[in-house]
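Q: Sharing a structure here in C-alpha cells format.
The values are calculated or read from the model by the stated rules, or taken from the named source; none is laboratory data. Quick caveat, the model's predicted, so the values are computed rather than measured. With ideal geometry, Cβ positions are generated from the backbone for all residues, glycine too; neighbour counts draw on all protein chains shown. Accessible surface areas use protein heavy atoms only, side chains included; no ligands, DNA or RNA. Shrake-Rupley method; radii C 1.70, N 1.55, O 1.52, S 1.80 Å.
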Amino acid sequence: MNPADVAQAAPQIDMSFWTLFWHAHIVVKLVMMGLIGASVWCWSIIVDKTLLYRRTRKDMDAFEEVFWSGRSLEELYRDLAGKPVNDMAAVFVAAMREWKRSFENGGRSVASLSQRIDKVLDVTIQRETERLESKLLVLSTIASAAPFIGLFGTVWGIMTSFTAIAVSKNSSLAVVAPGIAEALFATAIGLFAAIPALMAYNKLQAEVAKAQGRLEAFADEFSAILSRQIDERMAA
C-alpha cells in the first residue's frame, strides 16, 4: 500500500490547545489554570506599573520645573501641603514641614535641624521607593517559579501517559503523542508566564532605580539650599 494512502487512512488526532487542556490529567489541568492565572496577574501588574512610572516621571518633571522657576519655597509648600503628594513633591513637603516645625518652636532646635532634615529626606525617599517597588516581588516570584511549576505538570502528565501505555500495552505514536503533548503543554504555559514576568521585572526595577536616583539627587540639592538658609539665620 502507498505510504500516502496509509497516512490518509490513519485517524486524525486533534492537537489543538483546548483539546490538549481538556484531555490532560486533573493535576496538570490545575497546574495549567494556575499558570494562566499567574500570567494574567503578571500582565495586570505590568500595565499598572508602566502607567504609574510614566505618571511619576511626568510629575517629577512638572515639580522640578516649578521648583527651579524661582518661586518662593513657602508659597510652594502652602500649595502642596494641603493635598496628597507623591515622589519628589512628598520629599519637598516632608523637609519643609520639619523646617517649619523647628522655627515655629522659637528656633530653639535649629542647631540640629540640618541632620533632622536629612533623616526626614532619607525616610521619605525610602517610603516612596517602597511604594514604587510594591508588587514587583510578584513578578520576580512568577519569573522564577513558573517554569518549575510547569515542569511539575509535565512530569506528572508524562508519568500518567506512561502508566496508561503500560496498562493498554500499546506504544504506538498515535497513543503516546497526545499524552506527551498534553504534558509538555504545561511547560509551555509556564514559560509563557515566566518570560514576560522576568523581562518586565528587570525593566521596571530599572525604572525604580532611576526614580530613586532622581529623588536622592533632588534631596541633596534641597538639603544644601536649606542648610545655607539655616547658616544665614544662625549668623543673623
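Q: Has the stretch 98-115 got at least one residue that is farther than 29 Å from Ala224 by Cβ, among the β-branched types (Val, Ile, Thr) and out of contact with any strand residue (DSSP E or B) (no Cβ under 6 Å at 6 or more places or on another chain)?
A: no
Q: Just name the residue that is nearest to Asp220 (Cα to Cα) out of those in the stretch 83-101 that are open to solvent by 50 Å² or more (accessible area, probe 1.4 Å) and under 30 Å from the mean Cα position of the chain (by Cα).
A: So the residue we want is Asn86.
Q: Would you mind stating whether Val66 is free of Cβ contacts under 8 Å to residues at least 12 places away in the same chain and under 23 Å from the mean Cα position of the chain (by Cα)?
A: In short, no.
Q: In the set Thr129, Thr50, Thr56, which member is surrounded by 14 or more Cβ atoms within 10 Å (Cβ to Cβ) and out of contact with any helix residue (DSSP H, G or I) (no Cβ under 6 Å at 6 or more places or on another chain)?
A: Every option except Thr50 fails the conditions.
Q: From the list Arg233, Arg214, pick out the single residue that is open to solvent by 30 Å² or more (accessible area, probe 1.4 Å) and farther than 18 Å from Glu98 by Cα.
A: Just one listed residue meets the conditions, Arg214.
Q: Looking at this structure, is Ile180 more than 32 Å from the chain's Cα centre (by Cα), free of Cβ contacts under 8 Å to residues at least 40 places away in the same chain and open to solvent by less than 30 Å² (accessible area, probe 1.4 Å)?
A: Judged against the criteria, Ile180 is not a match.
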